[in-house]
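Working notes for the structure below.
Every number here is computed from the coordinates shown, using simple stated rules; none is lab data. Here the structure is a predicted model, which means the values were calculated and not measured. Because the Cβ atoms are built from the backbone with ideal geometry, glycine has one as well, and the counts that use them run over all protein chains shown.
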Amino acid sequence: MNKLSNITLGVYFLVITIFGRQPSIKLSFFDKIPAEIDGCGHYYTYGSLDYQNSKYVFVTNLQGLAFIRINGRQISLKQTNDKYAKVSIYKGGGYTVVEETKTVRQTGDEVWLSRGTLKVIRHSDKQEILIWIHGEGGC
């Protein structure tokens, strides 16, 4: 191949790489908690933020329903494993979310503070992120 062909081929692959790639997974805060998460549930934010400021990135209810906002899009998830397992697995909208938290302490009559990790996996390209989370759960 000559030099011009090599450059053309290189530019072609660069364009395919840039435009064929999906955006990174970025969690967005909820503007409003979904109506389905009414009453008892869990509300999580990044481990570095104050969870009492209502800036949540992942919310669940006790019926196995969860919501997450990825790149500004709200995604509904259903729990796929036993709700009493130490690790909760949710799937929906082309994503799998693995929540692994531990109770830290009780903060109210029926409210507990939890801390742990949240892994988000996009099915289409197997991209994943892992973040530290904390928040409150209960009724």
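Can you pull the three principal axis extents for the Cα set of segment 23-138, in Å, largest first?
Projected onto the principal axes, the Cα atoms of segment 23-138 cover 43, 30, 25 Å.
Give me TYR95, TYR43 ranked fewest to most by other Cβ atoms within 10 Å of their Cβ, as a rough exposure proxy.
Ordered by Cβ neighbours within 10 Å, fewest first: TYR95, TYR43.
Listing GLU136, GLU36, GLU110 from the residue with the fewest other Cβ atoms within 10 Å to the one with the most, what is the order?
GLU110, GLU36, GLU136
Normalised by the residues of segment 88-139, what does the relative contact order come to in percent, with Cα pairs under 8 Å and at least six apart?
Answer for segment 88-139 is 31 percent.
At ILE129 and GLU110, where each label point lies 7 Å from the Cα along Cα→Cβ, what is the point-to-point distance in nanometres?
Reported label-point gap for ILE129 and GLU110 is 3.3 nm.
Going by the alpha-carbon gyration tensor, a ≥ b ≥ c the square roots of its eigenvalues, is segment 22-78 rounded (a/c under 1.5) or, if a/c is not under 1.5, prolate (a/b greater than b/c) versus oblate?
In terms of gyration-tensor shape, oblate.
For segment 23-138, what's the relative contact order in percent, using C-alpha pairs closer than 8 Å and at least 6 residues apart?
Here the relative contact order equals 24 percent.
Just rank LEU113, LEU130, fewest to most, by other beta-carbon atoms within 10 angstrom.
Going from sparsest to densest Cβ surroundings: LEU130, LEU113.
If you put +1 on each Lys and Arg Cβ and -1 on each Asp and Glu Cβ, how big is the dipole of segment 23-138 around its Cα centre, in Debye rounded to 20?
400
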